[in-house]
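Chemist: Here's a structure for you.
Values quoted throughout were computed directly from the atomic coordinates according to the rules given, and no laboratory measurement underlies them. Because the structure is a prediction, the values reported are computed rather than measured. Don't worry about glycine lacking a Cβ; one is built from the backbone with ideal geometry, like all the others, and counts go over all protein chains shown.
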Amino acid sequence: MFGLCHYHDPVMALKQMQRVVKPTGIILLLEHGATKSTFVNMFLDFFEKRHLVNTHGCKWNQPMLDILRDSNMEVKELKTKHYGTTYYVVAYPENMDALAENLKSVQLAH
């Protein structure tokens, strides 16, 4: 599977991941995107078009923090490397708490 950088709508891709993951499952992401460093972002932005052509559409300067926030996933762990451009994310589906409560009530009923 490609990374989120290949999707036209990465938020929708994360929402679909949440939809299909088991209620007790987790979503692991290793992604790349924009950083807090203005200098590094200027480099990413400058070479964006050349990079898109050479990597079959990879958008390497996506605003990953915004994408994660908009997906409504429950981020358990977030680490960055490589000047903040590589993101390691451990997350739960958006409705993990509701699903956990439903599972408890189903188990109690049986």
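Chemist: Which lysines does residue 81 reach when only Cα atoms under 20 Å apart count, and residues fewer than 8 places away in its own chain are ignored?
Modeler: 36, 59
Chemist: Then there is this: So what's Rg/Rh here for segment 4-46, counting alpha carbon atoms and using the Kirkwood radius for Rh? Before the final figure, lay out each step's value.
Modeler: Details: Rg = 14.1 Å, Rh = 12.5 Å.
Across segment 4-46, the Cα-based Rg/Rh ratio is 1.13.
Chemist: Starting from the Cα of residue 22, draw a straight line to each of the lysines and keep only those under 26 Å, dropping any in the same chain fewer than 8 residues away.
Modeler: Qualifying lysines at Cα under 26 Å: 76, 79, 104.
Chemist: A further question follows. Taking the simple approach of a point 7 Å from Cα along Cα-to-Cβ for both residue 26 and residue 74, what is their distance in nm?
Modeler: Distance between label points: 1.3 nm.
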